[in-house]
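Please read the structure below before turning to the comments.
The values are calculated or read from the model by the stated rules, or taken from the named source; none is laboratory data. What you are looking at is a predicted structure, and each value in this text was computed from that prediction instead of being measured. So basically every Cβ, Gly included, is an ideal-geometry build from the backbone, and we count neighbours across all protein chains shown.
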Amino acid sequence: MKAVYTPLHARHEGGFELYRGQLVPTFETPDRAEFIRAALAAAGHELVQPREIPESRLLGVHDAEFVEFLRGAYARWHSEGRQGHVIPSGFPARGLRRDRRPRGISGSLGYYAFDASTPIVAGTWDAVLAAARSAMTAAAIVSEGEPAAYALCRPPGHHAARSTYGGYCYLNNAALAAQYLLDEGRRRVAVIDVDYHHGNGTQEIFWERDDVLFVSLHGDPETEYPWFLGYADERGAGRGEGHTLNLPLPAGTGWDEYQAALDTALDSIRRYAPEALVVSLGVDTFVADPISSFKLEGRHYPLIGALLADLGLPTVLVQEGGYAVAEIGSNVAGVLGAFAD
Ligand code: OKP
Ligand code: ZN
């Protein structure tokens, strides 16, 4: 299938992150995308560049002031006398005011970010915009009639909401793809998120909508990031009531339990009868992933791909996580290969 790729992703290189009390090299690295690119090229997928989709398309999903904040954050950090990477250090928890957007850069960062693991460097915006355009380009390719297309997005997107960023994510690539499909005439779109982590941003964006079904399988937030969303009792609100389905699974989950949950997810998608599918494709469910705790093996990714392809829907696959770099390419190619057959 067509795989949207651009080397612009490499402009985002976070360097170090705070992980369990230590500064360690970031898990979300440029070589992730290069390993995927190589594996997809070797498997015969056609690599295409993202289109110059107008930035106004971002506003179907994101708040305009948030977008301008992300674009300008690095320059402001330095013009306000700070050095190094842009990292927030304080957040409006219970008892603090969430309605204030402080004028200074540190307060603005705390207002828009929800964690400290998502650094902004000089090239971050270029990579973020290119990833968003890659996802929307894959959606355009499917809108124009291809049965499936893949976007090699880096940085990932599913933790980013309308006006918040975190979890290595800045703009929500999968939500932008879903909105693009709707804007081009599909009436109902399902998003299935198979990344190890709950797609809190995607859930929040579509929470009160009935034109998008959001279904997610993920590590139980009782112990797994992002901790504060992704519980089974979250079902949507207003018109969106019943259009969110969370299937949290315990750390240590292997294929049998995973497949049972995937069946439940696919049944709910069939009942919704969407006109297109977006897959938030994280492969951090892999047994050797350094920050996750499921036990899927390489041979399981073609099975996931086959089950997704069996839905028979026009499908946009959007890259999310996956940090076992040596196997990331073959795991992603395993899912995509099932669509070609
Ligand atoms: C992004 B994606 C845990 C720190 C978690 C953020 C993880 C973001 C995952 N101690 N850091 O969903 O793969
Ligand atoms: Zn993840």
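See the values below:
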quantity	calculated
Qualifying residue in the stretch 263-280 (condition: within 15 Å of ligand 1 (Cβ to nearest atom) and farther than 29 Å from Arg188 by Cβ)	no
Only one of Leu307, Leu277, Leu247 that is of a type in the set (A, V, I, L, M, F, W, C) and in a helix (DSSP H, G or I)	Leu307
Matching residues in the stretch 41-68 - criterion: being touching a helix residue (DSSP H, G or I) at 6+ places or on another chain (Cβ under 6 Å), surrounded by 18 or more Cβ atoms within 10 Å (Cβ to Cβ) and within 14 Å of Val4 (Cα to Cα)	Pro50, Ile53
Qualifying residue in the stretch 67-80 (condition: assigned to a loop (DSSP other than H, G, I, E, B) and free of Cβ contacts under 8 Å to residues at least 60 places away in the same chain)	yes
Search result, residues across the stretch 79-100 that are under 28 Å from Glu55 (Cα atoms) and either crowded, with 16+ Cβ neighbours inside 10 Å or touching a strand residue (DSSP E or B) at 6+ places or on another chain (Cβ under 9 Å) (or both)	His85, Val86, Ile87, Pro88
Among the residues listed as Phe214, Phe206, the single one being under 20 Å from Arg270 (Cβ atoms) and away from ligand 1 (no atom under 16 Å from the Cβ)	Phe206
Pair list, Cβ < 6 Å and 6+ apart or interchain, from the stretch 233-260 residues that are within 18 Å of Leu213 (Cβ to Cβ) to residues that are basic (Lys, Arg)	Gly240/Arg209; Gly242/Arg235; Thr244/Arg235
Which numbered condition Ala333 fails, given (1) of a type in the set (Gly, Ala, Ser); (2) within 18 Å of the chain's Cα centre (by Cα); (3) within 16 Å of ligand 1 (Cβ to nearest atom)	(3)
Residue in the stretch 297-306 that is within 16 Å of ligand 1 (Cβ to nearest atom) and among the aromatic types (Phe, Trp, Tyr) present	yes
Residues within the stretch 132-176 that are in contact (Cβ under 8 Å) with a residue 12 or more places away in the chain and away from ligand 1 (no atom under 13 Å from the Cβ), tallied	26
Unmet requirement for Asp210, which otherwise passes all of (1) more than 16 Å from ligand 2 (Cβ to nearest atom); (2) within 14 Å of Pro274 (Cβ to Cβ); (3) in contact (Cβ under 8 Å) with a residue 40 or more places away in the chain	(3)
Of all residues making up the stretch 310-341, the number that are hydrophobic (A, V, I, L, M, F, W, C), farther than 21 Å from Ala177 by Cα, within 16 Å of ligand 2 (Cβ to nearest atom) and part of a helix (DSSP H, G or I)	2
Neighbours by Cβ (under 9 Å, 6+ apart or cross-chain): first from the stretch 33-54, within 22 Å of Asp126 (Cβ to Cβ); second in a loop (DSSP other than H, G, I, E, B) and of a type in the set (Gly, Ala, Ser)	Ile36/Gly322
Scope the stretch 260-274; condition out of contact with any helix residue (DSSP H, G or I) (no Cβ under 7 Å at 6 or more places or on another chain) and surrounded by 15 or more Cβ atoms within 10 Å (Cβ to Cβ); matching residues	Ala261, Ala265, Ser268, Ile269, Tyr272, Pro274
Which numbered condition Val128 misses (of (1) in contact with a Pro (Cβ under 8 Å, 6 or more places away or on another chain); (2) within 16 Å of ligand 1 (Cβ to nearest atom); (3) part of a loop (DSSP other than H, G, I, E, B); (4) more than 23 Å from Ile269 (Cβ to Cβ))	(3)
Of all residues making up the stretch 1-25, the number that are in contact with a strand residue (DSSP E or B) (Cβ under 8 Å, 6 or more places away or on another chain) and at pLDDT 95 or above	5
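For (1) within 15 Å of the chain's Cα centre (by Cα); (2) crowded, with 18+ Cβ neighbours inside 10 Å; (3) under 24 Å from Val287 (Cβ atoms); (4) within 14 Å of ligand 2 (Cβ to nearest atom), each residue gets a yes or a no:
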residue: Tyr196; (1), (2), (3), (4): yes, yes, yes, yes
residue: Tyr225; (1), (2), (3), (4): yes, yes, yes, yes
residue: Asp233; (1), (2), (3), (4): no, no, no, no
residue: Glu241; (1), (2), (3), (4): no, no, no, no
residue: Asn246; (1), (2), (3), (4): no, yes, yes, no
residue: Pro250; (1), (2), (3), (4): no, no, yes, no
